[in-house]
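To start, the structure itself, in structure tokens.
The values are calculated or read from the model by the stated rules, or taken from the named source; none is laboratory data. These numbers were taken from a predicted model, which means no experiment stands behind them. Positions of Cβ are generated from backbone atoms using ideal geometry, with glycine treated the same way; all protein chains shown enter the neighbour counts.
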Amino acid sequence: MCSIFANVVVAIQFFLLNAITGGIVSVINAIRCIVFYYYKRKDKKPSLMVLLIFEVIAVGSGIISWQDIWSIIPIIVTVIYTYGLWQDDIKIIRVTTAIAGLGWAIYNVIVMAYVGAI
């Protein structure tokens, strides 16, 4: 639930900074958290189709909202992190979380979202 809230707040931050790709991807991430949470409550793993749908939506929305070369960062980070969250292996989850954190920190600095970078 905290992750859903965090993604919504981050999306607002990115929209206010005119970092549209980051904002849209963050909204998608919030929706992904809701869907994955639903599966977790049912003690199930999201299907491969659910994973692929979120990956395609992330890439598609990134292409549609493309602003500059830096727009690739939220797209790549979201694809990697979504795959990691879909996994059951804690090592994969940790590695993808670290990659996502680093990627978002870099993007935050680029779009001048310094609080998010910290």
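Observations on the model:
- Complete set of residues in the range 58-95 that are farther than 20 Å from Thr21 by Cβ and among the polar types (S, T, N, Q): Gln87
- Within the option set Lys40, Lys44, being exposed (fewer than 15 other Cβ atoms within 10 Å of the Cβ), assigned to a helix (DSSP H, G or I) and more than 15 Å from the chain's Cα centre (by Cα) holds for one residue only, Lys40.
- Filtered by the rule that a residue be in contact (Cβ under 8 Å) with a residue 12 or more places away in the chain, surrounded by fewer than 19 Cβ atoms within 10 Å (Cβ to Cβ) and either of a type in the set (D, E, K, R) or more than 17 Å from Ala30 (Cα to Cα) (or both), the range 72-114 gives Asp88, Ile99, Ala105, Ile106, Ile110, Met112.
- Within the range 1-37, if we keep just the residues that are over 21 Å from Gly60 (Cα atoms) and among the hydroxyl-bearing types (Ser, Thr, Tyr), the residue that is surrounded by the fewest Cβ atoms within 10 Å (Cβ to Cβ) turns out to be Tyr37.
- Residue within the range 60-73 that is assigned to a helix (DSSP H, G or I) and charged (D, E, K, R) present: no
- Val77 meets all of the listed conditions (1) modelled with pLDDT of 95 or more; (2) at positive phi but one, namely (2).
- Taking the range 9-37 as the range and being closer than 18 Å to Ile73 by Cβ, of a type outside the set (A, V, I, L, M, F, W, C) and assigned to a helix (DSSP H, G or I) as the test, the residues that pass are Gln13, Thr21, Gly22, Gly23, Ser26, Asn29, Arg32.
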